[in-house]
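*Asks:* My questions will all concern the structure given below.
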Amino acid sequence: MEILGIGTDIEDMARFRKKDYHNYTEFYKKFFSDREIEYCIQKSDPYTSFAGKFCAKESVLKAIKKNNIFKISNIEIINNKAGKPEVFINSKKMNYFLSIAHSNDSAIAFCVAYK
């Protein structure tokens, strides 16, 4: 296995909690796919999941160092049946290691891109 890059990101959850999904739908649709939104809004605190998925997308961009090629909206973070987050870029599943964690106030994600 060859490591191509690593990336990490941290976000303040208040950024998302200030933007109620129902009042700022367009904001969320700019950054998240329909599947990601569906996953997040079913949670008791959807903003924790939104912040975590946003961090994950940012960490992927940093790991692959292609910020100028991919937009954050090209990256989709989908949890598999076991709950593990998986990375899709332009609907193609990528073999990246991804970890997302939360505290009361922050979310953080770490990505390792490899081939």
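The numbers here are math on the coordinates, done by the rules we state, and not lab data. Everything quoted here is computed from the prediction, not taken from an experiment.
*Asks:* Once you compute Rg and the Kirkwood Rh from C-alpha atoms, what is the Rg to Rh ratio for the stretch 28-115?
*Replies:* Using Cα coordinates only, the ratio equals 0.93.
*Asks:* What's the angle, to the nearest 10 degrees (0 to 90), between helix 46-64's Cα axis and the longest principal axis of the chain?
*Replies:* Compared with the principal axis, the helix lies near 20 degrees.
*Asks:* Taking only C-alpha pairs under 8 Å that are 6+ residues apart, what is the relative contact order of the chain in percent?
*Replies:* In percent, rounded to a whole number, it is 39.
*Asks:* For LYS115 and ASP20 in one chain, what is 0.36 nm times their gap in residues minus the Cα-Cα distance, to one decimal in nm?
*Replies:* Gain on extension, LYS115 to ASP20, equals 30.3 nm.
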